[in-house]
Amino acid sequence: MEFLQTCLDGLLFGSAYSLLALSFSLLFGVMKRVNLAFGSSLLLSAVFALWVDSILSVGIIGIFLVMLGSSAIINIYVEKICFYPHRGNYGAIVSMISSFAIWMQLDDLSSFLLPDRTASFPSFLPDSFFIIDLFIRIDQLFLFFIAVLMTGVFFYVLYKTNYGLLLRGVSFDGELARKLGVNSSRISSFAFAFSGVFGAIAAFLILSTESQVTPFFGFWCTLKGLVAMMLGGIGSLPGAIIGGLFLGLIESNVINYLGAEYRDICTYLILLFILVVKPGGIMGSAILRDERAASERI
């Protein structure tokens, strides 16, 4: 029963990792860009929302809405500064380095708005209940259901809407898409804003579960999102979901059986093992085969 409880806790919290990994996969897997400032944008949006709440008392719903809007705006800013000007052959490298500089800038802004270094974050659904002998926190269960819902929205937008079609077209051949009249700049901004909204939802749910925000939250989001994406498969959207849940399972079991101090080192060892055995992650090989087959058909 203890093992089941540990796995349940890992799956519930791993759903937040899945949302972070999906946000990274949208930019890295679809747009072929690595945004190192992503976690810092989530931290700044959270701190800014708390600052607005301290002045206007907007409440938890207001904090949530401010986080969504500010995260979208911040990520569009990152895209315009770091990624839009660098679209040549070496654009991916230059833009990644630029995003590192913006990472530092966003962290400094967050520190300015968070002088006490740690701030309380409002919680919701704090109650818990038992199913047989399994202890379930309602806020973590809610996080899991929201992650499932938002994953469905993510796939619908990407594969069932015109924006999703244009986004995938720009990713596959940006030059051809521009010749066909596609506004690649607008599509890129939409992708960054969309990933920012997804990340803000995950950040809000995580912070509400933890009931506090610290200056390390941005780096933590970047690290967990990248690790979950690499575990599941770089560029694979289903892999991002699997990677997030798998990361949650790993961490919960390591903490329970070995201790919290071994969590990160065991996670990185398992990541290294998976990347050695299956380069590209759990679903990475499948996505590479699909892309190769698509190119051959074209």
_Flag for residue 3 being closer than 16 Å to residue 207 by Cβ and either of a type in the set (S, T, N, Q) or in a helix (DSSP H, G or I) (or both)_ = no
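Go through the residues of the stretch 80-100 one by one and say whether even a single one is farther than 16 Å from residue 198 by Cβ, aromatic (Phe, Trp, Tyr) and part of a loop (DSSP other than H, G, I, E, B).
Yes, the stretch 80-100 has at least one match.
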_Is it the case, given these coordinates, that residue 110 is part of a helix (DSSP H, G or I), modelled with pLDDT of 80 or more and open to solvent by less than 90 Å² (accessible area, probe 1.4 Å)?_
yes
*First in the stretch 269-283 and closer than 17 Å to residue 238 by Cα, second anywhere and hydroxyl-bearing (Ser, Thr, Tyr) and crowded, with 20+ Cβ neighbours inside 10 Å, Cβ under 8 Å, 6 or more apart*: 281/236; 283/236
*Selected residue (criterion: surrounded by the fewest Cβ atoms within 10 Å (Cβ to Cβ)) from residues of the stretch 113-144 that are assigned to a helix (DSSP H, G or I) and modelled with pLDDT under 85*: 138
_So residue 193, is it under 19 Å from residue 158 (Cβ atoms), at pLDDT below 85, assigned to a helix (DSSP H, G or I) and touching a helix residue (DSSP H, G or I) at 6+ places or on another chain (Cβ under 9 Å)_ = no
_Given (1) more than 19 Å from residue 32 (Cβ to Cβ); (2) in contact with a Leu (Cβ under 8 Å, 6 or more places away or on another chain), number of the condition residue 195 does not satisfy_ = (1)
*Failed condition for residue 257, given (1) within 21 Å of residue 4 (Cβ to Cβ); (2) crowded, with 23+ Cβ neighbours inside 10 Å, with all others met?*
(2)
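Residue by residue, here is whether (1) assigned to a helix (DSSP H, G or I); (2) more than 30 Å from residue 135 (Cβ to Cβ); (3) basic (Lys, Arg); (4) open to solvent by 10 Å² or more (accessible area, probe 1.4 Å) holds:
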| position | (1), (2), (3), (4) |
| --- | --- |
| 10 | yes, no, no, no |
| 18 | yes, no, no, no |
| 26 | yes, yes, no, no |
| 40 | yes, yes, no, no |
| 45 | yes, yes, no, no |
| 53 | yes, yes, no, yes |
| 61 | yes, no, no, yes |
| 106 | yes, yes, no, no |
*Qualifying positions in the stretch 246-298 - β-branched (Val, Ile, Thr), modelled with pLDDT under 75 and farther than 16 Å from residue 229 by Cβ*: 298
*asked:* Of everything in the stretch 220-246, what is in contact with a Gly (Cβ under 6 Å, 6 or more places away or on another chain), open to solvent by 10 Å² or more (accessible area, probe 1.4 Å) and in a helix (DSSP H, G or I)? Give them in sequence order.
replied: 230, 242, 245
*Please enumerate the residues belonging to the stretch 63-77 that are closer than 21 Å to residue 103 by Cβ, open to solvent by 30 Å² or more (accessible area, probe 1.4 Å) and among the β-branched types (Val, Ile, Thr).*
73, 76
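The values are calculated or read from the model by the stated rules, or taken from the named source; none is laboratory data. Given the structure is predicted, the values throughout are model-derived calculations rather than measurements. Using ideal geometry, Cβ is built from the backbone for each residue, glycine included, and neighbour counts are taken over all protein chains shown. In case anyone asks, the SASA skips ligands and DNA or RNA and just uses the protein heavy atoms, side chains included. Shrake-Rupley method; radii C 1.70, N 1.55, O 1.52, S 1.80 Å.
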